[in-house]
Amino acid sequence: MTSTAAAGSDSRRLLPGRQNFHQMDRINGNGQKSAIQASTFSDGADEFDDDTLIASEALSRRTGGFERNAGPGNLGMFGSLKFVLLKSKLNLLIPSGFVAIVVKDMTGNNGWVFPLTLLGIIPLAERLGFATEQLAFFTGPTVGGLLNATFGNATELIISIHALRSGKLRVVQQSLLGSILSNLLLVLGCAFFSGGVTCGKTEQKFSKSEAVVSSGLLLMAVLGLLPPTVLHYTHSEVHSGKSGLALSRFSSCVMLVAYACYIYFELTTSRRREESNQGRGENVGDADNNEAPDISKWEAIAWLAILTIWISVLSDYLVNAIDGASQAWNIPVAFISVILLPIVGNAAEHASAVMFAMKDKLDLSLGVAIGSSTQMSMFGIPFCVVIGWMMGQPMDLNFHLFETASLLMTVLVVAFLLQDGTSNCLKGLMLFLCYLIVAASFYVHSDQDPDGNNPAQN
């Protein structure tokens, strides 16, 4: 029983992937986060009338040996349809994807196809997270954590893979970069600001140690991007055009190993911490023992497959519509890739981070913002390099000087603001204003190929 109870927070904290916004945490006597569990946002003045951020039942801790109770998980296919398709108001946007396909086939107007496809992907990404949470009920903590790490940024990775297949390497690089910048500046800034304004506290506190580790991983990711970029622009490659690509692939493999080690470290240390708490007689997770999933294991697997396939279909339309949307709106492709795709594609998670901060659950807000950025930088980017390698695409870590400099300065600003373990509305405002500067910069930025030319945007 000790190992079962101790496993609870392992997969929840695993990880740097987004903490699904069906989750809230329970604070123990020391004020530390001991487990993440769902709750409703219906506490008086903090009421938030949006089922997107409300879970119908507390989610179970991801242990492998619990007993299922009779409940929604036993309602069969009807109950599965109810919980997956009718529980979230965001699902009202699902028809947008079908409309986008009809518009594409009938008119070919990419100026409409692009926004409609984006709107159609938003609820699918949220439901994908829900299905992942449900499947994690039936796995051990390690598998559950790996599921969360794998599907945490699945939508962005699917879009990136489609762009890789189309040879749009700059779209891949810029969309991944935009996801990191958006989470570090926009999401974290809004969370700090809204939490500081609504909680009635001069300062909010969060786990300083976890923030420092995440900042270190982000800086390691920047270190992985810098050498290929500097090598090219200083013309110091041993074999021009080849050395930088080989270095990128090697560095990507190293970053993936580092990320895997980080996941293992988080799992083992979290389990030991829980066992230590139980050894001292602290009650950890008793409230979770009677929880049950909303849908069955095979229903969760089926929904994961269905949602992933549908997101993949819409992603293909989205990638193919980027150029047309850029021309129709007279907006640079770089701005669409770095700013619009991450903002709209992660809208639901962004809202959850803000709501957690308003509830004074700042560790969860950091799990959404910093955790997702860490996963994207240490897993998403190198993963795309390796996948491009397999596809025969020369995807590398040379993100060009402008993008690399923007990421470096962003990581440094965030690392400095997190080092004292506190936040306030001023820090949030500073981060938000930094994001406005970055967004404006990419709006006037003329994308260049590695040789300094201005190619047709692709």
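The values are calculated or read from the model by the stated rules, or taken from the named source; none is laboratory data. Here the structure is a predicted model, which is why all the values come from computation and not from measurement. FYI the Cβ positions are ideal-geometry reconstructions off the backbone, even for glycines, and counts take in every protein chain you see. The area values use the complete protein model at the heavy-atom level, side chains included, leaving out ligands, DNA and RNA. Shrake-Rupley method; radii C 1.70, N 1.55, O 1.52, S 1.80 Å.
Some notes on this structure:
- Meets criteria (in a helix (DSSP H, G or I), closer than 25 Å to residue 244 by Cβ and open to solvent by 40 Å² or more (accessible area, probe 1.4 Å)) for residue 436: no
Here is a yes/no grid of residues against (1) of a type in the set (Lys, Arg); (2) at pLDDT 85 or above; (3) open to solvent by 60 Å² or more (accessible area, probe 1.4 Å):
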{"residue": "277", "(1), (2), (3)": "no, no, no"}
{"residue": "286", "(1), (2), (3)": "no, no, yes"}
{"residue": "304", "(1), (2), (3)": "no, yes, no"}
{"residue": "320", "(1), (2), (3)": "no, yes, yes"}
{"residue": "337", "(1), (2), (3)": "no, yes, no"}
{"residue": "353", "(1), (2), (3)": "no, no, no"}
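- Any hit, the range 340-351, residues being buried (at least 24 other Cβ atoms within 10 Å of the Cβ), of a type in the set (A, V, I, L, M, F, W, C) and either modelled with pLDDT of 90 or more or in contact with a Phe, Trp or Tyr (Cβ under 8 Å, 6 or more places away or on another chain) (or both): no
- Residue pairs whose Cβ atoms lie under 6 Å apart, separated by 6 or more positions or on different chains, with the first residue in the range 357-379 and over 16 Å from residue 255 (Cα atoms) and polar (S, T, N, Q) and the second surrounded by 24 or more Cβ atoms within 10 Å (Cβ to Cβ) and at pLDDT below 85, are 365/353; 365/356.
- Test: residue in the range 90-98 that is in contact with an Asp or Glu (Cβ under 7 Å, 6 or more places away or on another chain) and modelled with pLDDT of 80 or more: yes
- Those helices (runs of 4 or more DSSP H) of the range 152-255 in which at least 3 residues are under 15 Å from residue 399 (Cα atoms), considering only elements entirely within it, cover 169-181, 208-233.
- Residues satisfying the stated conditions in the range 395-416, i.e. surrounded by 17 or more Cβ atoms within 10 Å (Cβ to Cβ) and of a type outside the set (Asp, Glu): 395, 397, 398, 399, 400, 404, 406, 407, 410, 411, 414, 415
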